[in-house]
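Peer 1: So that we are looking at the same thing, I have put the structure below in structure tokens.
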Amino acid sequence: MTVTRPHPLDSFFNPSSIAIIGASRDVTKIPGLLLSFLRKNKFSGAIYPVNPNYPDIDGLACYPTIEAIGQPIDLAIVIIPARVVLGALEDCAKFGVRHAIIISSGFAEEGGDSIAMQDAIAALAKRTGMRISGPNAEGYYNKIAGIAATFSPTVDVRPDQIPLVATTKRIGIVAQSGGIGFAIYNRAKSLGIALSTVISTGNESDLGAGEFFDYMVQDTATDVILLFIEGIRDVDKFLAAARKAAEFGKPVIVVKVGRSGAGERAAASHTASMAGWTAAYDAVFARHGFIVSNDLDEAVTIAAVLTTSPLPKGDRVAVVTVSGGAGIWGADAVSAQGLQVPELSDGVQATISRTDPVLRVAVQSDRYHGPSGA
């Protein structure tokens with residue numbers, strides 16, 4: 001376990017056994033990729049493929065139903081047609097499955113009668129106590145434990161590739177878009193930023209971004225949290241997690257989309273999210289000290305800084321440069337973020353000049369606000 005105290009989602013992110021409902025031998029399709037990636041990442045627990053059409057898959061016994069397994073199941077990954085998902089979940093609850101991830105799509109994001117199917121899933125979770133992620137989710141990747149409960153190609157393991165790891169601190173990613181969440185992970189991986197866990201929340205019929213955020217806050221393996229938000233449904237849980245992150249001093253980077261009218265409509269059709277209230281979101285982010293970014297590359301760069309450098313102890317920033325113009329530009333940029341740019345004392349300026357004479361002009365230029373010719 002990697003959390004400071006027991007958390008309700010411990011066995012969700014660290015299951016001892018996983019059933020894949022709808023597993024397949026075809027590794028070119030999502031059901032086959034789920035099993036393949038789980039095994040390639042060397043999941044150490046028990047894996048139970050469930051599909052009445054196969055006696056076995058890749059050397060593993062395949063079961064016709066959840067009941068036929070006859071063993072405790074911590075997590076079921078569901079990838080079957082939407083119309084039969086509810087029945088499969090009823091069976092899972094009946095036989096004691098603790099958690100489920102619904103990869104299947106075709107629910108509230110489609111509108112119409114599909115909304116009722118998702119509502120029935122939410123009601124089942126509330127009635128039975130089984131916690132459910134999704135539907136329309138891309139799953140998660142617990143890098144530390146080697147649990148790839150996802151079909152994202154970013155978690156594929158290739159013998160010819162040696163992973164670059166340049167940080168000891170790790171980021172945890174909570175994303176309301178599977179594609180974006182795993183793209184963030186892939187970008188961070190290319191820069192050598194270590195990962196704890198990345199989770200795609202899907203339509204959030206039961207488990208939402210707030211609860212996943214709360215898990216990351218308490219997870220001692222997660223040093224920096226990166227959120228990709230369309231719209232928060234479990235507001236109280238999200239705010240509680242935000243307060244806890246501030247209390248723990250754990251940095252939170254957030255990318256909030258759906259700020260325009262067109263973006264709000266796109267969010268609603270993507271994961272059935274109501275995205276609006278931009279000013280309210282920004283107020284919450286500011287109140288709890290979130291670092292807001294509107295660009296994914298910038299967000300990953302911020303994560304790189306936070307995982308390689310100690311947190312600042314105050315709001316005073318010195319701008320040291322070889323260019324007077326760059327110094328003025330830098331001072332403006334720092335001030336625009338509410339930070340202080342104090343005038344350096346004569347003694348500090350002299351020390352910098354002795355260290356590197358090239359910097360002297362910039363220091364003097366910043367101090368006297370005069371032209372430096374650079």
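The values are calculated or read from the model by the stated rules, or taken from the named source; none is laboratory data. Not measured: the values here are computed from a predicted model. Every residue, glycine among them, receives a Cβ derived from its backbone with ideal geometry; neighbour counts consider all protein chains shown.
Peer 1: On the given criteria, is Ala350 within 29 Å of Arg287 (Cα to Cα) and either in a loop (DSSP other than H, G, I, E, B) or not assigned by TED's automatic domain parsing to the domain that holds Val292 (or both)? I'd like the intermediate steps shown before the answer.
Peer 2: Values: within 29 Å of Arg287 (Cα to Cα): no; either in a loop (DSSP other than H, G, I, E, B) or not assigned by TED's automatic domain parsing to the domain that holds Val292 (or both): yes.
Here the answer is no, as Ala350 does not meet what is asked.
Peer 1: Tally the residues that are in contact with a Phe, Trp or Tyr (Cβ under 8 Å, 6 or more places away or on another chain) and either free of Cβ contacts under 8 Å to residues at least 12 places away in the same chain or over 23 Å from Val254 (Cα atoms) (or both), restricting the search to the stretch 115-134.
Peer 2: Total satisfying the criteria: 5.
Peer 1: Which one is nearest to Arg5 (Cα to Cα) among residues in the stretch 244-261 that are within 18 Å of the chain's Cα centre (by Cα) and not aliphatic (A, V, I, L, M)?
Peer 2: Taking the candidates together, the pick is Lys244.
Peer 1: Okay, moving on. Mind telling me which of the residues Val300, Val319, Val334, Val284 ends up being assigned to a loop (DSSP other than H, G, I, E, B) and either touching a residue at least 12 places away in the same chain (Cβ under 8 Å) or in the same structural domain as Ile229 (by TED's automatic domain parsing) (or both)? First the steps, then the outcome.
Peer 2: Values: Val300 fails: assigned to a loop (DSSP other than H, G, I, E, B); Val334 fails: assigned to a loop (DSSP other than H, G, I, E, B); Val284 fails: assigned to a loop (DSSP other than H, G, I, E, B).
Only one candidate passes the filter, namely Val319.
Peer 1: Restricting to the stretch 196-235, count the residues that are assigned to a loop (DSSP other than H, G, I, E, B), surrounded by 24 or more Cβ atoms within 10 Å (Cβ to Cβ), of a type in the set (Gly, Ala, Ser) and under 14 Å from the mean Cα position of the chain (by Cα).
Peer 2: Total satisfying the criteria: 1.
Peer 1: So Lys313 fits all but one of (1) surrounded by 15 or more Cβ atoms within 10 Å (Cβ to Cβ); (2) over 30 Å from Ala279 (Cβ atoms); what number is the exception?
Peer 2: Against the list (1) surrounded by 15 or more Cβ atoms within 10 Å (Cβ to Cβ); (2) over 30 Å from Ala279 (Cβ atoms), Lys313 comes up short only on (1).
Peer 1: Could you count how many residues in the stretch 236-276 are modelled with pLDDT under 95 and part of a helix (DSSP H, G or I)?
Peer 2: 11
Peer 1: Separate question: Could you list all residues from the stretch 171-194 that are closer than 15 Å to Ile302 by Cα and crowded, with 22+ Cβ neighbours inside 10 Å?
Peer 2: Quick first cut of the stretch 171-194, residues closer than 15 Å to Ile302 by Cα only: 171-173, 184-185, 187-194.
Scanning the stretch 171-194 gives Ile171, Gly172, Ile173, Ile184, Tyr185, Ala188, Ile193.
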